[in-house]
Each structure stands twice: as structure tokens, then as C-alpha cells.
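S.K.: Dumping the structure here so I can ask a few things about it.
The values are calculated or read from the model by the stated rules, or taken from the named source; none is laboratory data. Just so it is clear, the structure is predicted and the values come from calculations on it, not from any experiment. Every residue, glycine among them, receives a Cβ derived from its backbone with ideal geometry; neighbour counts consider all protein chains shown. Side chains included, ligands, DNA and RNA excluded: accessible areas come from the protein's heavy atoms. Shrake-Rupley method; radii C 1.70, N 1.55, O 1.52, S 1.80 Å.
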Amino acid sequence: MKALVYNGPRDVSVSEVPDARIERPNDVLVKITSTNICGSDLHMYEGRTDFDKGRIFGHENLGEVIEVGGGVDKIEVGDMVSVPFNVSCGHCRNCEHGLTNYCLAANEPDMAGGAYGFADMGGWAGGQAEYLRIPWGDFQCLRLPDDAKEKQNDYTMLSDILPTGWHAVEMSGLVPGETIVIYGGGPVGLMAALSASVKGAAKVMVVDRHPDRLKLAEQIGAIPIDDSKGSPVDQIMEQTGGRGADRGAECVGYQAHDPQGNEDNALTLNNLVASVKFTGGIGTVGVFVPQDPGAPDELAQQGKARFDFGSFWFKGQQMGCGQAPVKRYNRHLRNLIAENKIAPSWIVSHNLTLDQAPEAYQHFDARDDGWTKVVLNPA
Ligand SMILES: [Zn+2]
Ligand SMILES: [Zn+2]
């Protein structure tokens, strides 16, 4: 089969690899019809992780079931399914408590959490390919309704960014009528903005510096905050009568940098502490890593940050962090799409073939204007 293979920093190619196949009785084999390029793929694409050469990217997968193992009861050939980016077994101690983001059976024995096509997440093949093997298929696959094909650009957001954006808002503790500031207007930040609106936020503010992203935020009623035009903290204070936002979300991650390009992994975290009110809550879903050998300074290379803990403590704030447990939210979010309550496809800028993926990575990595979200359609 054809798959997008990582050859080294900023070097990917579409290559012929052995076919994905059923390996265990509870596996499901999916023909991938949509698989998205994610901001977190870029950390690996840029060589800022220990992702092995020769591996396949792709953790935002949707497709048609073409084969099931002998132990699969529920999922059937022909089903259109969304596959959570978390690989999870369903019966370990963490999965039993709904913590499928920290499954104990999907990674090395002393590591929790698995993901398709991701560094340090269990070595599972990614879905930017023609076919993908889904282990624990009955537990993992979310069946989609009859309009799966027409609304594929909406449902394709269920595998990661929509639940991840929702999770950021959930962890921030937002209740209806509150204000929230979202740092990062990339795909996850925009999904957090959409989620906050659905959850009844009185005011949603999105901080970014790319006009195309800020425009998308504005399209769903969020207030765009351009941090290249002045301190984002000052702008949030102005928007909130000097009190700060009730809630905040971090949707940028460890490669945060100022408008001039100076990287500082604590930049958005410290801006959040400063922009959120005393006793406010923050949800951090941007990726941070325990080691970052490619970082510009020594502290960051060890995965550490100059986090303004003094102000965070003094203000009595709370923070939740980590990858999202997709299965906690994806069924309900699917229903919101099915009933036309939300249409997350408004951020999609490109539908491309698998062969066009290397070019798409270049554009998305360069943050080229208009490349807001790329959906690859291998089938
Ligand atoms: Zn993703
Ligand atoms: Zn598990």
C-alpha cells in the first residue's frame, strides 16, 4: 500500500510499504477515506521528536471498515468509522475509568498512552496511508451515520482536534456566561473556540497573529486578538474590564514563539497566567515533551520551562493538562454534527490526495497563508 513515510527532518515521501492487515482477532482493518495533517505532526516533521525514520504519520483517521478479525462483535464490514487518535484497550485500569488517553496496554510497559503515527506513543503505524489496522476495534471505532460521506470534512475532526479543543475548555472549568481566552488559533484553538461557544461562553477571545486564522475565529463569533499588534495580555485585560478572562486554554505547545520568532516554551503559559483572573482555570492541550534535544536553550532541552509559578500560585489558579481522552466526547460531538448543530469543517482549507501530502506538509509547516487545515483523502 501507499503511505506517507518520514525520512528525516522536513523530509517525507509517499512510499510503497507492506499492507496493513489483521494481526489479532480483535483487529479491524480500515480503508482510510480521510486523514488530516495535524499541528502535532509538525513537531515530528521538523525533527523535534525521536520519531523513527521509515515510520508512517497520521493520527486523525476516518474510513470504511473492509475486514474484521474473528473476535470482533459489533463493528461490521462497510461501517464508516471515526478512529480516536488514542490507541486504547478498553479494559486496563485507566481505560476502565475513562482515561483512554493513558491506556496501560498501548505503549511500553512503564509508559501510559498510545497513539497512531506518533513519537513515544507505542510505535503504532499512522493512517496517512491507504489502510490502517485498528487494534481493539470494537472499543475504538465510533460508527458514523448515513451522512458520513457527505459530511466527511466535519466528522473527520472527531478523531482528535474537536475532542481536544473541547477537552481544553472542559479542563478550564468554563460554565455558561463566563469568558475564555484561547492562545493559539490553529485548528485545535479554533475547535476550542467553537466548543466554548457551544458550552455557552459569554465571550471567546482567540490570540494568534496569522490573519487567516483570526478571520476563521471571527467567523464563529470569537474576538480575534492579534499579538503582533501589541501585548495580548493588555488586550485581554481591555476586553475584560481589567479583571482577566475567567478561563484560558493553551493550544500552542512547546514550540511557542513570539511574533519575531524567538522560541520560549513558557511564553503562552505565562501569558495565560497573566490573562486569566485570580482563581481562574486553564486547560493546556498544546503538546509539551519531557525531552526536547532540538530546543534553543538548555532548560528546554530537558523538557523544563520558566513557568511563572509564583503568579500562578498567588492568583490561586488551576490547570489541567495532557492529551484528550477522545472517547469521552466523540459520541456526543458526532451527534452535534449529525443534527447540524455544529459544522467544524469551516476551518478546512484543502482536500488533497495522499500523493500531494509532502507538498501540503511544506505549506502547513511554513504557516503559509490560507493553509489552515489539510484533509488528505487517500481513497
Ligand atoms: Zn492531531
Ligand atoms: Zn487500556
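S.K.: Looking only at the stretch 116-160, count how many residues are among the acidic types (Asp, Glu) and either within 16 Å of ligand 1 (Cβ to nearest atom) or open to solvent by less than 20 Å² (accessible area, probe 1.4 Å) (or both).
M.R.: 3
S.K.: Just to be sure, is Gly98 away from ligand 1 (no atom under 14 Å from the Cβ) and assigned to a loop (DSSP other than H, G, I, E, B)?
M.R.: Considered against the rule, which asks whether it is away from ligand 1 (no atom under 14 Å from the Cβ) and assigned to a loop (DSSP other than H, G, I, E, B), Gly98 comes out as yes.
S.K.: Test each condition in (1) surrounded by fewer than 24 Cβ atoms within 10 Å (Cβ to Cβ); (2) over 19 Å from Gly122 (Cα atoms) for Leu62 and report the one that comes out false.
M.R.: (1)
S.K.: Could you tell me whether any residue of the stretch 229-239 is in the same structural domain as Gly173 (by TED's automatic domain parsing), modelled with pLDDT of 95 or more, open to solvent by 60 Å² or more (accessible area, probe 1.4 Å) and part of a loop (DSSP other than H, G, I, E, B)?
M.R.: Yes, that holds for at least one residue.
S.K.: Still on this structure, please answer the following. Mind listing whichever residues of the stretch 17-70 are under 20 Å from Val289 (Cα atoms), touching a Lys or Arg at 6+ places or on another chain (Cβ under 8 Å) and either within 16 Å of ligand 2 (Cβ to nearest atom) or aromatic (Phe, Trp, Tyr) (or both)?
M.R.: Tyr45
S.K.: Can you pull out the residues in the stretch 267-286 that are in a loop (DSSP other than H, G, I, E, B) and surrounded by fewer than 20 Cβ atoms within 10 Å (Cβ to Cβ)?
M.R.: If the condition is that a residue be in a loop (DSSP other than H, G, I, E, B) and surrounded by fewer than 20 Cβ atoms within 10 Å (Cβ to Cβ), then no residue fits.
S.K.: From the list Glu339, Glu359, exactly one residue is modelled with pLDDT of 95 or more, of a type in the set (D, E, K, R) and over 19 Å from Lys151 (Cβ atoms). Which is it?
M.R.: One residue alone meets the criteria, Glu359.
S.K.: Among the numbered criteria (1) over 23 Å from Leu376 (Cβ atoms); (2) within 16 Å of ligand 2 (Cβ to nearest atom), which single criterion is violated by Pro135?
M.R.: (1)
S.K.: On to the next question. Does Phe312 satisfy being open to solvent by less than 30 Å² (accessible area, probe 1.4 Å), touching a helix residue (DSSP H, G or I) at 6+ places or on another chain (Cβ under 9 Å) and in the same structural domain as Arg247 (by TED's automatic domain parsing)?
M.R.: So Phe312 fits the description; yes.
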